[in-house]
1. Look at residue A:258 and say whether it is among the hydroxyl-bearing types (Ser, Thr, Tyr), without any contact (Cβ under 8 Å) to a residue 40 or more places away in the chain and in a strand (DSSP E or B).
2. Which residues, taken from the stretch A:270-289, are surrounded by 15 or more Cβ atoms within 10 Å (Cβ to Cβ) and in a strand (DSSP E or B)?
3. Listed residues B:82, B:175, B:123, B:141; which is closer than 30 Å to residue A:79 by Cα, buried (at least 16 other Cβ atoms within 10 Å of the Cβ) and among the hydroxyl-bearing types (Ser, Thr, Tyr)?
4. If you go through the stretch A:215-257, how many residues are of a type in the set (Ser, Thr, Tyr) and open to solvent by less than 10 Å² (accessible area, probe 1.4 Å)?
5. Which condition number does residue A:212 fail, the rest of (1) surrounded by 19 or more Cβ atoms within 10 Å (Cβ to Cβ); (2) of a type outside the set (D, E, K, R); (3) touching a helix residue (DSSP H, G or I) at 6+ places or on another chain (Cβ under 8 Å); (4) under 18 Å from residue A:357 (Cβ atoms) being met?
6. For residues that are open to solvent by less than 50 Å² (accessible area, probe 1.4 Å), outside any strand (DSSP E or B) and away from chain B (no Cβ under 11 Å), tally how many sit in the stretch A:154-182.
7. Identify, from the list A:71, A:133, the residue that is away from every other protein chain (no Cβ under 13 Å) and under 30 Å from residue A:28 (Cα atoms).
Amino acid sequence: MAAEVAIEITKTFPARACISAELKYELQQATALVLFGPSGSGKTTVLRSIAGLEWPERGRIRFISRTWLDTAAGIRVAPQDRQIGYMAQDYALFPTHTVAGNIAYGLSALTAAERNRRVDEMVELFQLRGLETSKPRELSGGQQQRVALARAVAPRPQLLLLDEPLSALDIPTRMQLRGELRTLLKRLALPSIIVTHDWAETLSLGDLVAVMGEGQVIQVGSPQEVFCRPANATVAQIVGVETVIEGHVIEEADGLATVRVNGTLLKGLGGYAIGSPVFVCVRAEDVVLEQGSTGLTSARNHLNGKVIGIIPHGVMVHVKIDCGFPLVAMVTRGAQQELGIELGSPVVAIIKAGAVHLVSRME
Amino acid sequence: MSWTAIWVTFKLASLTSMALLVIGLPIAYWLTFSKWRWKFLVESIVALPLVLPPTVLGFYILVAIGPHSPIGRLYTDIVGQTLPFSFQGLLVASILYSLPFAVQPFATAFDQVDRNLIEASWTLGLSKAKTFFKLIIPLSTAGVITGAVLSFAHTLGEFGVVLMVGGNIEGVTRTVSIDIYDDVQALNYSAAANTALFLLVVSYAVLLFIYAMNRKVWAVWPQK
């Protein structure tokens, strides 16, 4: 039997849209699944149902060969018996326990010696050395997040569930920890499901993305697939980033990174080591089109390309350009007519460096 | 001042307070975490001793534990004695009379424990019972102590229920408050004054302790 996760749940709420989510994927294909969607889309409810902390009215949840929930057959496995690691959005560290005490909390089945060894191992892995006897309130946000993760991982769960793992942090810490978290998840090689509403986190952490909107799973695919080829207008609106393409950082100066994408060079906001693989993300509305270069502008990126697709989008038009890689620009119908944009016509795409978002990725 | 009465009173108050830890904690847990829609029925019953005149409560307890009731008969069959006008009977009455003074602070404290912490404990594999002892109780220490001390203090000053259920038997059921009443009846004002002052000082000390303790805890874990 394939190592598969199958979820099919329905839950109604008095004053909110009901949740009716279906999701099925193979673990070989995705160690880390990201549940991505705007707030209120039901992703946290799905995660909490998988954890056994919330009970859908109808549905089934299967993890590999074990059924955790089957309302038709009356199966309801308690959270204690699911062997999961769960990290809540606010980390929920036990204020009365030290860092070591928090990590050891779920290890009561081990002997004292084994327990100490495991705690030590986690302290090492999560870089918490020296903080073992501190209480949670003495820690910084980033440290608290690492303790919460260490505590969830310490009992060697079968599945790790993370609810908005980075949203409680301030923005600079979040950027830094995003990379750390991804490295850790890869090293642990533990199947995990991560809930987030942040597209950069989705690209950075997910092997597979399930986009949720209004209580339903609308699209499941690789991060690039979901961002560049949204299944429908709803997904496109939820993700909001039309161009996501792989590249490598080749130069880094004054906080500005130069990235090579298929032989084309782009400048974006940096902070990455030379040679590191990144996703280059550009929103269509950040791309300006010009008919032949008129000279100097403050924008750092001027890309010569050819129009390869025109898709009407309400009062706007999505123009797909081949400039060494596919790039989507959004212009008004008036602009399209004035510039004479049609299939095959040459254009110059202008993007400010600040609009070229770089998100580190794994290779 | 009668030292025998003081001894009976403190014995009664300590045993009541301990019994309420055993009985009151599970009741408070259930009242806090149960999602049963008719829960308020039980909540009201637990709070009843707060509003009922002690004589009414005492009367019903007396009838309930008397030799003609099933409970009274069962007790007599097992122990060979009757409950009314005995120390054991008085203890049962005190436990019921002080129940809300223990259960309400317990429940308030449990209610303030962050549900996320409880859920984290469950996902880490700890059963509901283990979570209760390892997490909820340590986080509710102030409330648990407050409940135990309040029920102790409340039992110290009990009068009506004692008179109805325990009577006035020297060394068995005569508590401090009854002693004061007896002294006044006998126009022995100086003895009454001494005992009254003693009870006043003890009660004030107990309340000082509770308020000081809760204040300290409040400063360490500010309310959200």
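The values are calculated or read from the model by the stated rules, or taken from the named source; none is laboratory data. Because the structure is a prediction, the values reported are computed rather than measured. With ideal geometry, Cβ positions are generated from the backbone for all residues, glycine too; neighbour counts draw on all protein chains shown. In case anyone asks, the SASA skips ligands and DNA or RNA and just uses the protein heavy atoms, side chains included. Shrake-Rupley method; radii C 1.70, N 1.55, O 1.52, S 1.80 Å.
1. Working: among the hydroxyl-bearing types (Ser, Thr, Tyr): yes; without any contact (Cβ under 8 Å) to a residue 40 or more places away in the chain: yes; in a strand (DSSP E or B): yes.
Against the criterion (among the hydroxyl-bearing types (Ser, Thr, Tyr), without any contact (Cβ under 8 Å) to a residue 40 or more places away in the chain and in a strand (DSSP E or B)), residue A:258 qualifies.
2. A:278, A:279, A:280, A:281, A:282, A:288, A:289
3. Values: B:82 fails: closer than 30 Å to residue A:79 by Cα; B:175 fails: closer than 30 Å to residue A:79 by Cα; B:141 fails: buried (at least 16 other Cβ atoms within 10 Å of the Cβ).
Result: B:123 is the single residue among B:82, B:175, B:123, B:141 that is closer than 30 Å to residue A:79 by Cα, buried (at least 16 other Cβ atoms within 10 Å of the Cβ) and among the hydroxyl-bearing types (Ser, Thr, Tyr).
4. Residues of the stretch A:215-257 of a type in the set (Ser, Thr, Tyr): A:222, A:234, A:243.
Retained after the next criterion (residues that are open to solvent by less than 10 Å² (accessible area, probe 1.4 Å)): A:243.
Count: 1.
5. (4)
6. At the first step, the residues of the stretch A:154-182 found to be open to solvent by less than 50 Å² (accessible area, probe 1.4 Å) are A:154-155, A:157, A:159-167, A:169, A:173, A:177-179, A:181-182.
Then drop every residue that is not outside any strand (DSSP E or B), which leaves A:154-155, A:157, A:164-167, A:169, A:173, A:177-179, A:181-182.
Next, from what is left, pick out any that are away from chain B (no Cβ under 11 Å): A:164-167, A:169, A:173, A:177-179, A:181-182.
Number satisfying all stated conditions: 11.
7. On the way: A:133 fails: under 30 Å from residue A:28 (Cα atoms).
Being away from every other protein chain (no Cβ under 13 Å) and under 30 Å from residue A:28 (Cα atoms) holds for just one of A:71, A:133, which is A:71.
Okay, residues lined up against (1) more than 14 Å from chain B (Cβ to nearest Cβ); (2) modelled with pLDDT under 90; (3) more than 27 Å from residue B:128 (Cβ to Cβ):
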residue	(1), (2), (3)
A:3	yes, yes, yes
A:13	yes, yes, no
A:22	yes, no, yes
A:44	no, no, no
A:48	no, no, no
A:51	no, no, no
A:57	yes, no, no
A:61	yes, no, no
A:84	no, no, no
